[in-house]
Structure formats: structure tokens, C-alpha cells
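Have a look at the structure below, then the notes.
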Amino acid sequence: MGFRFSLFVTFLTLALVASHAALSPELYWKSVLPNTPVPKAVTDLLHPDPVEDKSTAVGVGKGGVNVDAPDVFIGYRHGASENQLHDVQNTAIFFVEKDLHPGTKMNLHFTENLNEVTFLPRQVAKSIPFSSNQMPEILNRFSVKPGSLEADIMQNTIKECEEAGIKGEEKYCATSLESMIDFSTSKLGKNVRAISTEVEKRTQLQEYTISAGIEKLTDNKSVVCHKQNYAYAVFYCHAIQTTSAYIVPLEGTDGTKAKAVAVCHTDTSAWNPKHLAFQVLKVNPGTVPICHFLPEDHIVWVANKKPAA
């Protein structure tokens, strides 16, 4: 199932017009972060594959969006639903930090997000309402029927963006690449690395083994940006002091190799006691560092340990 946004091409036209008046998202990256390589999660949204019928697809099921429950990687205030518990029973969606070493085996499925959208230039994104109070206008602008699944997805994304963060969490929903860059650099400075998970090829759920060569990116502050399902590229970004991040080499039973970004939360005391992580790992809040791999379209930002060139 997918969104059929009749005005999407119009917005792309506006984006092209706007690019003459301001830096494009790609040029803005190069101007602010000249020494920071652009991760694949970003390049995929700068130069997306053509989408049939000019539509914007949103995956529902098959690892896509679940409008009945918040994203498990951002909804720390929420407990797990029965559907979530059932869906992850054979997958290592969460693990403890002590298991992050070569030789550890995990069942993983790196799913492809079907929300094939693109970044809008900031001035175009700012001209589009993004508020629960303006949902009727938003739905009308995108020709989405109120009460439809598409409307629920859009409303859920905005709702998650508007919820207050937990203690120690600074959150921000970036509706453009420029605003994501500005938020991340405001927390970490401009000498940063931006990294996303990369998998050699599309595979089904299988067992992966952690290989040698784990790289610790940070043991303190990071900014993690999670791509949301919406009409254009929107990222839920949050800065949390008590996190560590790693690049983890993996190899599947079929030989597929991946470099996955793992984020570990060292203080989970403010999370909902019924959060999915506690239920699948059978641990209590605040007792052990809890980790998860980032999907391919999510991004972790960390301070660069090397001096800027």
C-alpha cells in the first residue's frame, strides 16, 4: 500500500525553483560539513530511485510502519503491544552490550524501508504545515482521505514528533536535511561523522555472526536520527548523553556482509518498564546497557575523534 500524493510533483517543482534562491540540501551539506562524507542513508534520499506513478510508497507490514504503536527505537515512554512482542520473537531487535564482541550470533533482518521519498529544501519544507493542529490542512494539501491508513501514518509521525522527550533526551524532528545538519552540529560541533548501516544485498531473516573489527564511535553523546514514514523525508532526531555507538561488521550464513551501526543506551531508568526491550531481554529499567542495530535509513552523528583538516 502506498501514498498517492497528487501534489508531490508540485513540491518537487517548488524545490527546483527554491534551489535557485538558496543552496540545495546537498550543497548545504558540503558547505557546512566539507570534511564529513555523506552516508548512504542521506544519498539515497538526495537521489532516490524513480517511483512508479509519481507516488510515494509507504511500507505497511513486512517490516514497515505499524500505526498502532510508536517506533520501538524512539518511543521510550511507551510499553510494547502484543503485536510487537509477536513480531520480534525470532529477531534480535535488542541485545545487551556485553554481547557485542566477535563470534556472537544473532538472528537479524535488515529490512528495506519502502517509504521512497526525498528531502525537500528547507524553505519548501518550512512552507508546509507540520502540526497536529493543522492535520485537516495537511491531509487536504496531500489529497489524503481523513481516517485512511495514510492519514493515520502521517498523524502518528507528527504525534511522535510533538511528544515530550524523556529525562536527558533532547529531541527534534527535522523536516529537511539542512535542519538535521543544524540540530546535530549544535549538539556536537561541526567536526562530526555521520554514519548509517550498510548491507551488501537484500536478504531475508537469517543468522549473522559478529566479525572482528568492531569500532567504537563514542562512549558519551551522540545524535541519532530515525527516518519516519511521511510524505517527504522527515527524521526524528534525539541527542542523549548516556549512549555509546559502534560500527559492527557482520556476516550472514549466506555470506552477506554488513557494517551495522549499533547504539547502546547506558541509562534506561526513565524508560517505560513495559518497553519492548525489557520484555524481550527480561531485564529491568536501568540495570544493563541495552543496544540495538540501526536500520539502513537511520543515521548516527558523533563527534569526530580526529582533528578537522
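The values are calculated or read from the model by the stated rules, or taken from the named source; none is laboratory data. Being a predicted model, the structure only gives us computed values, none of them experimental. FYI the Cβ positions are ideal-geometry reconstructions off the backbone, even for glycines, and counts take in every protein chain you see.
Odds and ends about this structure:
- Some residue of region 129-141 being among the aliphatic types (A, V, I, L, M) and surrounded by 22 or more Cβ atoms within 10 Å (Cβ to Cβ): no
- Considering residues of region 169-178 that are outside any loop (DSSP other than H, G, I, E, B) and surrounded by 20 or more Cβ atoms within 10 Å (Cβ to Cβ) only, the residue farthest from the chain's Cα centre (by Cα): Glu178
- Filter pass, Lys227 being surrounded by fewer than 18 Cβ atoms within 10 Å (Cβ to Cβ), under 18 Å from the mean Cα position of the chain (by Cα) and closer than 28 Å to Glu26 by Cβ: no
- In region 76-98 there is no residue matching the filter, namely being acidic (Asp, Glu), surrounded by fewer than 15 Cβ atoms within 10 Å (Cβ to Cβ) and either modelled with pLDDT of 90 or more or in contact with an Asp or Glu (Cβ under 9 Å, 6 or more places away or on another chain) (or both).
- Unique residue being under 21 Å from the mean Cα position of the chain (by Cα), surrounded by fewer than 21 Cβ atoms within 10 Å (Cβ to Cβ) and at negative phi when the list is Asp219, Asp297: Asp219
- For region 195-208, the set of residues classified as in contact with a strand residue (DSSP E or B) (Cβ under 9 Å, 6 or more places away or on another chain) and farther than 14 Å from Lys259 by Cβ consists of Thr203, Leu205, Gln206, Glu207, listed by residue number.
- Close Cβ contacts (under 9 Å, 6 or more residues apart or on different chains) running from residues in region 184-196 that are in contact (Cβ under 8 Å) with a residue 12 or more places away in the chain and under 18 Å from His226 (Cβ atoms) to residues that are among the small types (Gly, Ala, Ser) and surrounded by fewer than 20 Cβ atoms within 10 Å (Cβ to Cβ) comprise Leu188/Ala303; Val192/Ala303; Arg193/Ala303.
- Only one entry of Ile158, Ile247, Ile166, Ile181 meets the criterion of being among the aliphatic types (A, V, I, L, M) and either part of a strand (DSSP E or B) or exposed (fewer than 15 other Cβ atoms within 10 Å of the Cβ) (or both), and that entry is Ile247.
- Qualifying position, being touching a residue at least 40 places away in the same chain (Cβ under 8 Å) and touching a Cys at 6+ places or on another chain (Cβ under 7 Å), among Pro289, Pro273, Pro307, Pro295: Pro289
- Hey, Tyr208 at pLDDT 95 or above, buried (at least 21 other Cβ atoms within 10 Å of the Cβ) and farther than 30 Å from Ile181 by Cα or not: yes
- Qualifying residues in region 189-216 (those that are in a strand (DSSP E or B) and over 21 Å from the mean Cα position of the chain (by Cα)) - the one farthest from Asp267 (Cα to Cα): Gln206
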